[in-house]
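Participant: Sharing a structure below in structure tokens format, with a few things to ask.
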Amino acid sequence: MMQVKVVGCGDAFGSGGRGSSCYLVRAAGRTVTLDFGASALVNFNRFALPSADIDTIFLSHLHGDHFAGIPFLLLDGQFVRRREKPLVVVGPPAPVRASMWRWRCCSPAWARTGGGSNGGWRRWSPAPPRATAPSP
């Protein structure tokens, strides 16, 4: 069975209290999100969703309301939840590289490949998409 939860679907300003973009999908024993916007972790806590269960974050594009919650998820994983399992962030190479630069501004340790105080659960691997869909 597949479960889809809208964690956030608002704009960059949180209009209507909807939070920024984040869609949680659980299926086949995996937990993934499409985007992880600036308010995503707040809404995970609000809805009592376990953020440490996230296996993969798929980034649709590099606007802050679609990815800017990731540094807070990393802090939460390091200091609050003591995350141990790998967290994979998937996106086109340019957005992932740009995200790494932004995370490095927050904390140099976040952008290193591997490492981390909790057994090396962070992995950064920019990769081109394997499949594309034509524009309408």
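Only the coordinates and a few stated rules stand behind these numbers; no lab work does. Computed from a predicted model, the values in this text were never measured in an experiment. Cβ atoms come from the backbone with ideal geometry, glycine included; neighbour counts cover every protein chain shown.
Participant: Quick one: what are the phi-derived ³J(HN,Hα) couplings along the stretch 13-28, Karplus 6.51/-1.76/1.60 with θ = phi - 60°, whole Hz, x for glycine and proline?
Facilitator: Per residue, the Karplus-derived 3J(HN,Hα) values read 9, x, 3, x, x, 7, x, 7, 4, 6, 10, 9, 10, 10, 6, 6 Hz.
Participant: Under a crude label model (7 Å from the Cα following the beta-carbon direction), how far is residue 2 from residue 32 in nanometres?
Facilitator: Here the answer is 1.0 nm between the modelled labels.
Participant: How do the peptides 75-84, 23-32 rank, highest first, by the average count of neighbouring beta carbon atoms within 10 Å per residue?
Facilitator: On the way: 75-84: 15.7, 23-32: 13.9.
Ranked by mean Cβ neighbours within 10 Å, highest first: 75-84, 23-32.
Participant: To continue, here is another question. What's the exposure ranking of 56, 33, going from fewest to most Cβ atoms within 10 Å? Don't skip to the end; give the middle numbers.
Facilitator: Numbers: 56 15, 33 27.
So the residues, fewest neighbours to most, are 56, 33.
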